[in-house]
Amino acid sequence: MNCISVKNVSYKYPYTEGFALKELNYEFEKGKCYGIIGANGSGKTTFCNLLRGMIPHFFEGELTGDVFIEETDVRNWDSNLLSTKIGYIFQNPFTQISGIKETVFEEIALGLENLGMEKEALIDRVIEVVKLLKLEQLIKKNPNNLSGGQKQRVAFASIIAMNNDIIVIDEPTSQLDPESTAEIFSIINLLRNQGKTIFLVEHKVDLIAEYSDEVIVLKDGQITLSGSTQEVLSNMDLLQMGVMLPQASMLSYDMQKANKQLDSIAITKSQVIEQIKQRVGV
Amino acid sequence: MDYEFINSFKKPQVQNNWFLDLNPLSKLNIILILAIIPIVVKRWEVSVVIILFYFLIAAASSRLKQFSKVYVRLALLIGSLLFIMRAMFIPGEDVLMKIGFLTITQEGVDHGLQFATLVVAICGALVLYSVATQARDLMLVLEKKGVPHTATYVILSSLQSIIDLGNMSKLIMESQKARGIETEGKVTNRIKSFFPILGPLFLGAISNSEEKAIAMDARAFYAPGKNTHLRELRPVSLSEKSVLILINLVFVGFIVWRVVG
Amino acid sequence: MEAIELKNVSFAYPDGHVANEELNLIIQKGERVAIVGQNGAGKTTAVKLMNGLNKPTSGDVLINGMNTKTQTTAQISAYVGYVFQNPDDQIFNSNVQKEIEYMLHYLKLNPQEIKRRVSRAVEMTGIEGYLHMNPFDVPYSTRKFVTIAMVLALETPYIILDEPTAGQDLHGIKTLSNLLDRLQDEGKCVITITHDMEFVADNFTRVVTMANKRIIADDSARNIFWSKEIITEARLKKPQIGEISEELGLDGNIIFRHELVELLKR
Ligand SMILES: Nc1ncnc2c1ncn2[C@@H]1O[C@H](COP(=O)(O)OP(=O)(O)OP(=O)(O)O)[C@@H](O)[C@H]1O
Ligand SMILES: Nc1ncnc2c1ncn2[C@@H]1O[C@H](COP(=O)(O)OP(=O)(O)O)[C@@H](O)[C@H]1O
Ligand SMILES: [Mg+2]
Ligand SMILES: [Mg+2]
């Protein structure tokens with residue numbers, strides 16, 4: 001079943017000149033993880049706003065074409081219901097803290113309170129999420145007094161706690177150390193394995209290569225490349241779109257140039273290691 | 001993980017202090033009475049007694065430091081200002097002294113004293129309530145009484161935005177310091193550096209509130225259906241109720257006696 | 001001595017949380033240094049000690065020999081420019097150009113000098129197209145360059161960049177890399193906090209590593225990335241090429257792709 005379908009969509013923010021999204025078409029299936037990549041300003045965040053129904057419910061401006069969320073036209077969705085359907089983790093980690101809760105524990109509980117979860121279950125759920133994100137040491141801290149990376153993890157936890165079927169995640173690891181980044185990605189993978197549909201904007205293509213089913217590349221508001229992760233992330237044209245290729249792909253190409261061509265262009269670390277072993281026999 | 005902290009949410013939130021742990025509405029009730037008495041009695045001696053009484057309550061609820069910090073300054077400022085204004089401009093028979101074109105009379109001084117202590121006493125009630133009650137507790141009670149949570153949020157976040165403005169001005173000051181603008185030390189430095197930030201401060205506050213609305217929406221804040229609460233307050237005990245009723249009865253009796261008598 | 005020196009420095013926040021313990025560090029004028037380490041390790045806290053926003057709870061911080069305890073932050077900032085981790089905390093003017101010029105007018109520089117400084121800063125950060133926009137309407141990752149330009153215009157001998165790589169795309173990373181090279185040529189000292197390991201390998205030889213409130217290593221990128229203990233304690237990772245080399249069991253502490261290809265060619 002299609003989870004979200006985007007048909008011929010263009011969008012222009014109010015009081016601006018050009019279109020931020022141009023004639024997009026895509027069918028998103030339930031239970032998959034979609035990587036969305038592109039240079040800054042290419043429209044990734046705007047695309048997230050569209051998928052989450054913030055466009056047209058919060059952002060006015062000019063929207064043409066159609067978006068269907070679970071077969072219902074986004075215009076006909078009750079915007080208050082959308083927040084219970086689709087989770088949205090924003091790009092800027094510093095503006096997601098509610099500001100009205102005094103501890104990290106209560107901050108994570110906020111969404112569940114709003115969903116009306118009974119207290120016992122609510123506390124259990126918050127504990128579960130705190131453990132999942134390894135926030136044990138921070139639960140008593142005031143959310144405003146966290147380091148940048150800690151804020152980003154709390155923001156992530158606060159949305160994940162709500163257990164939505166669809167989750168839109170805009171650059172979740174920009175402030176994170178490499179180990180925490182890896183942890184966030186494995187949680188995203190876990191969520192996908194639970195059957196959730198995930199939209200993930202991320203600059204770290206090495207990790208997109210590991211975890212997404214399909215990749216969409218945006219440039220100047222248009223989809224310039226899309227399809228299976230393997231296909232997209234092994235395509236040298238990415239560089240023209242302002243996006244880096246995964247290290248594994250670059251290595252594969254470099255081996256080609258050095259007359260040690262691998263079987264195919266690998267995009268993940270494990271693939272490239274496997275192929276090098278075969279080719280070079282180290 | 002600190003399970004003691006987590007389990008504290010399973011029980012009502014208490015601070016183990018008889019006054020602080022009163023229901024926010026009971027506290028409001030008592031403090032309102034304290035504020036109304038000087039209005040009805042109109043004698044500066046009574047106002048002073050009430051003011052002293054605030055300090056007693058603040059001390060008894062171990063909030064003396066916070067209370068004094070705000071209140072003493074406020075009282076001195078407002079009190080002296082009102083007193084001087086009244087003392088100088090209220091005409092009367094009993095002339096105490098003449099300074100240039102100003103004539104200070106006994107009536108003016110009396111009136112000034114009465115009015116100044118009255119206003120200071122009323123301000124005291126507000127300050128005391130704000131240091132003895134957490135805004136979020138008051139909102140919690142109001143929600144329990146059926147006030148919609150979007151409404152309580154507006155109140156809470158307006159209160160919060162006062163704090164935010166404070167935080168933001170601190171941030172902007174830091175940003176200025178880090179560029180080389182003196183914001184420390186001399187009062188003139190502080191004033192000079194403060195004015196240019198007022199504009200951005202309010203602009204920032206506006207754009208903040210928009211971002212906050214989006215952030216709250218992401219947390220299903222406007223979701224249909226009833227919300228629950230992680231924190232809960234102690235139910236109002238029978239003794240608290242009866243004491244409160246008693247106080248209110250005495251107060252009503254007092255008012256009737258004043259008005260009739 | 002022309003250097004930033006930390007001597008036995010500890011720092012606790014007003015809520016009692018100790019964020020830095022016993023830091024000892026000397027960074028010389030003209031050096032280029034990266035600071036890496038786990039989230040919450042105390043990196044931001046440490047660099048705020050270097051520009052006087054934080055004053056040590058114990059120990060001393062010296063900037064060119066001056067103790068920060070005896071100076072106001074404003075005085076120190078004539079020497080140390082600091083780009084905040086969150087650009088929003090640093091911006092308070094209604095347009096980008098004003099933001100960059102604000103301090104230059106305050107210093108009463110002459111119009112030519114202001115023009116020179118602004119155009120240098122704008123050119124180095126590539127924000128020509130945004131000068132007349134409200135900084136808050138500038139896309140988030142570009143907003144960081146606005147604050148970088150603002151600090152560059154101060155032309156301080158020491159510059160601290162707190163996570164400039166966060167959220168940057170290929171182009172942004174290149175701009176940063178060029179910026180570092182230019183500042184080094186000009187003899188400026190640049191201290192950069194970052195979580196981007198490839199960026200560290202490509203751009204830095206000296207890497208200070210922090211974990212659990214302390215400095216746990218101060219070494220070349222190669223040595224840091226090839227030390228298991230440091231990597232684990234500071235929650236770092238090798239650049240992916242390093243990981244691949246490790247899993248292939250190759251010698252030579254490889255961190256760059258060309259090194260790996262060179263070795264495999266043989
Ligand atoms: N204002 C504050 N009040 C209290 N504690 C704070 C405050 N700011 C930071 N901390 C705490 O101090 C520690 C160090 O924070 P700091 O911001 O220096 O970390 P960091 O190394 O810069 O992390 P990140 O990589 O996430 O930015 C953290 O545990 C954080 O929770
Ligand atoms: N709220 C907004 N109002 C007006 N224009 C915007 C807004 N948000 C983004 N834009 C513009 O839309 C384009 C796409 O931006 P964005 O979706 O943020 O890109 P990305 O997330 O890929 O960096 C940019 O040209 C940007 O300036
Ligand atoms: Mg974006
Ligand atoms: Mg930091």
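The values are calculated or read from the model by the stated rules, or taken from the named source; none is laboratory data. Note that the coordinates shown come from a computational prediction; the quantities given were computed from them, not determined experimentally. Using ideal geometry, Cβ is built from the backbone for each residue, glycine included, and neighbour counts are taken over all protein chains shown.
Considering segment C:8-39, and only residues there that are crowded, with 23+ Cβ neighbours inside 10 Å and within 14 Å of ligand 4 (Cβ to nearest atom), the residue that is nearest to residue C:186 (Cα to Cα) turns out to be C:34. When A:92, A:114 are checked against the criterion of being within 16 Å of ligand 4 (Cβ to nearest atom) and crowded, with 20+ Cβ neighbours inside 10 Å, a single residue qualifies: A:92.
In segment A:252-277, the residues that are assigned by TED's automatic domain parsing to the domain that holds residue A:207 and without any contact (Cβ under 8 Å) to a residue 40 or more places away in the chain form no Cβ pair under 8 Å with any partner that is of a type in the set (Asp, Glu) and part of a helix (DSSP H, G or I), whether six or more places apart or across chains. Residue A:173 meets the conditions (1) surrounded by fewer than 24 Cβ atoms within 10 Å (Cβ to Cβ); (2) without any contact (Cβ under 8 Å) to a residue 60 or more places away in the chain in every case but one. The failed one is (1). With a requirement of 3 or more residues that are touching a residue at least 24 places away in the same chain (Cβ under 8 Å) and touching a helix residue (DSSP H, G or I) at 6+ places or on another chain (Cβ under 6 Å), the helices (runs of 4 or more DSSP H) lying completely within segment B:1-86 that satisfy it span B:24-41, B:44-60.
Scanning segment A:156-176 for residues that are among the acidic types (Asp, Glu) and more than 16 Å from ligand 2 (Cβ to nearest atom) turns up just one, A:165. Does segment A:176-189 include one or more residues that are assigned by TED's automatic domain parsing to the domain that holds residue A:105, more than 30 Å from residue B:5 (Cα to Cα) and of a type outside the set (A, V, I, L, M)? So far as segment A:176-189 goes, yes, one or more of its residues are assigned by TED's automatic domain parsing to the domain that holds residue A:105, more than 30 Å from residue B:5 (Cα to Cα) and of a type outside the set (A, V, I, L, M). Of the residues making up segment A:93-105, one or more are within 16 Å of ligand 3 (Cβ to nearest atom), facing another protein chain (nearest Cβ under 8 Å) and outside any loop (DSSP other than H, G, I, E, B). Annotation for segment C:88-98: at least one member residue is within 16 Å of ligand 3 (Cβ to nearest atom), modelled with pLDDT under 95 and within 13 Å of chain B (Cβ to nearest Cβ).
All of B:143, B:107 fail the test of being in contact with a His (Cβ under 7 Å, 6 or more places away or on another chain) and either farther than 22 Å from residue B:35 by Cβ or in a helix (DSSP H, G or I) (or both), apart from B:143. A count restricted to segment A:27-55 and to residues that are at positive phi and either more than 13 Å from chain C (Cβ to nearest Cβ) or within 16 Å of ligand 1 (Cβ to nearest atom) (or both) stands at 2.
Looking for something more than 16 Å from ligand 1 (Cβ to nearest atom), of a type outside the set (Asp, Glu), within 14 Å of another protein chain (Cβ to nearest Cβ) and surrounded by 22 or more Cβ atoms within 10 Å (Cβ to Cβ) - is there at least one such residue anywhere in segment A:2-22?
yes
In the list B:116, B:178, which residue meets the criterion of being modelled with pLDDT under 85, crowded, with 20+ Cβ neighbours inside 10 Å and either in a helix (DSSP H, G or I) or small (Gly, Ala, Ser) (or both)? Steps first, answer last, please.
On the way: B:116 fails: modelled with pLDDT under 85.
Exactly one residue qualifies, and that residue is B:178.
In segment C:33-48, the residues that are within 8 Å of chain A (Cβ to nearest Cβ) and more than 24 Å from residue C:183 (Cβ to Cβ) form Cβ pairs under 6 Å with partners that are away from ligand 2 (no atom under 16 Å from the Cβ) and in a helix (DSSP H, G or I), at six or more places apart or across chains, as follows: C:39/A:149; C:39/A:150; C:39/A:180; C:40/A:150.
In segment A:140-158, of all residues being in a helix (DSSP H, G or I) and within 10 Å of chain C (Cβ to nearest Cβ), the one that is surrounded by the fewest Cβ atoms within 10 Å (Cβ to Cβ) corresponds to A:145.
Each row is one residue, and each column tells you yes or no for (1) at pLDDT 85 or above; (2) away from chain C (no Cβ under 11 Å).
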position	(1), (2)
B:170	no, no
B:189	no, no
B:216	yes, yes
B:225	no, yes
B:229	yes, yes
B:247	yes, yes
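Only residues that are more than 16 Å from ligand 3 (Cβ to nearest atom) and not in a strand (DSSP E or B) were counted in segment A:12-42, giving 8. For residue A:224, the requirement of being of a type in the set (S, T, N, Q), in the same structural domain as residue A:176 (by TED's automatic domain parsing) and surrounded by fewer than 19 Cβ atoms within 10 Å (Cβ to Cβ) is met.
If the condition is being part of a helix (DSSP H, G or I) and crowded, with 22+ Cβ neighbours inside 10 Å, then segment C:142-170 contributes C:142, C:143, C:144, C:145, C:146, C:147, C:148, C:149, C:150, C:151, C:152.
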